[in-house]
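Structure record follows, encoded as C-alpha cells.
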Amino acid sequence: MIMANPIARIARIALIILLLALSACAIRPPVQPSSSEPRPLEHMYYSEHPSRSPDFDGWSCTVIPQATAVTEIGIERIGGCRGILVPRGGRKKTPFYAIGPCAAYTVIIRADGTVHYEGYENVPTVGSRTGRTSSEQFQKLARLVDEIGFARMPHEYYCPVTDGEVVFVSVVSSGTRKSIKHYGNEDTASALFLILEQAIDRVANDATTWP
C-alpha cells in the first residue's frame, strides 16, 4: 500500500493531463475546407480569358523557342563604390548612403557549360578558376538574353555619380559580340538589364566543380 499510493497519484495526474489535452482538441475550431471559389487574381485571369478553363487542359505544353544562337555570356564588375553621392534635389554633397568597396571580377559562361572566373579584389577568391554549369542553365540564360531584347539595348547606361560601380555585360550571338556598359546606380539602367546582370551572377554562383 505504501508503494501503491504514489503510483495511483501519478496515474491520476496522467489521466487529468490526458483529459485536458482532449478537451483542448474538442474546443479547437474545425479546419475549414479549401473554398472552391477562385482567389482574386485567379478570378481576374479567367474573367480576362473566358475561353480558358481552371480544369486540367490535357498534356499540351507552352512551347518556348530555344535560344540557340547565343554561345557566350559574360559579366565584369570593376571599381567604385567608395564615393559620396549627391542626393536627389540637393546641391551640397553629403554622405547619401554608405557602401563599401565593390567586388571586382570577370565571369564568362559558354554554351558548353564552361564557367571561367577571374577575381581581382574585394572577393572571397582572387585569381583564375574554371567551373561548370549545366547546358540547361546556360540555355535559360540565353533565352533571357533573347527575350529581353539585349541586341536592341543601348550600348551604355550612364549617370555621372561619384565612384559608382562599373559593370560590363557581353554576349556573343551568331558569331557577333555586343557589349553594354553600366555606370551609376540601379535607377540609371533598364530593369531588364539589371535582371540579366543578376541572372548571370546567379548562374556563376551556382556553378559546380570549381577546383
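For the reader, a short list of remarks on this structure follows.
- Test: residue in region 120-142 that is among the acidic types (Asp, Glu), in contact (Cβ under 8 Å) with a residue 12 or more places away in the chain, part of a strand (DSSP E or B) and in contact with a Lys or Arg (Cβ under 9 Å, 6 or more places away or on another chain): no
- Picking from residues in region 145-165 that are among the aliphatic types (A, V, I, L, M) and either in contact (Cβ under 8 Å) with a residue 60 or more places away in the chain or surrounded by fewer than 12 Cβ atoms within 10 Å (Cβ to Cβ) (or both), the one that is farthest from Leu192 (Cα to Cα) is Val161.
- Given (1) closer than 22 Å to Tyr117 by Cβ; (2) touching a residue at least 12 places away in the same chain (Cβ under 8 Å); (3) out of contact with any strand residue (DSSP E or B) (no Cβ under 7 Å at 6 or more places or on another chain); (4) surrounded by fewer than 17 Cβ atoms within 10 Å (Cβ to Cβ), number of the condition Ser174 does not satisfy: (1)
- Residue within region 200-208 that is among the hydroxyl-bearing types (Ser, Thr, Tyr) and within 14 Å of Arg77 (Cα to Cα) present: no
- Scope region 178-193; condition at negative phi, touching a residue at least 12 places away in the same chain (Cβ under 8 Å) and not polar (S, T, N, Q); matching residues: Lys178, Ile180, Lys181, His182, Tyr183, Asp187, Ala189, Leu192, Phe193
- Criterion: within 19 Å of the chain's Cα centre (by Cα), of a type in the set (Gly, Ala, Ser) and closer than 17 Å to Asp201 by Cβ - qualifying residue of Ala142, Ala104: Ala142
Each value in this text was obtained by applying a stated rule to the coordinates, not by laboratory testing. Bear in mind the structure is a predicted one, so any value in this text is a computation, not a measurement. Cβ: placed from backbone, ideal geometry, glycine included. Neighbour counts: every protein chain shown.
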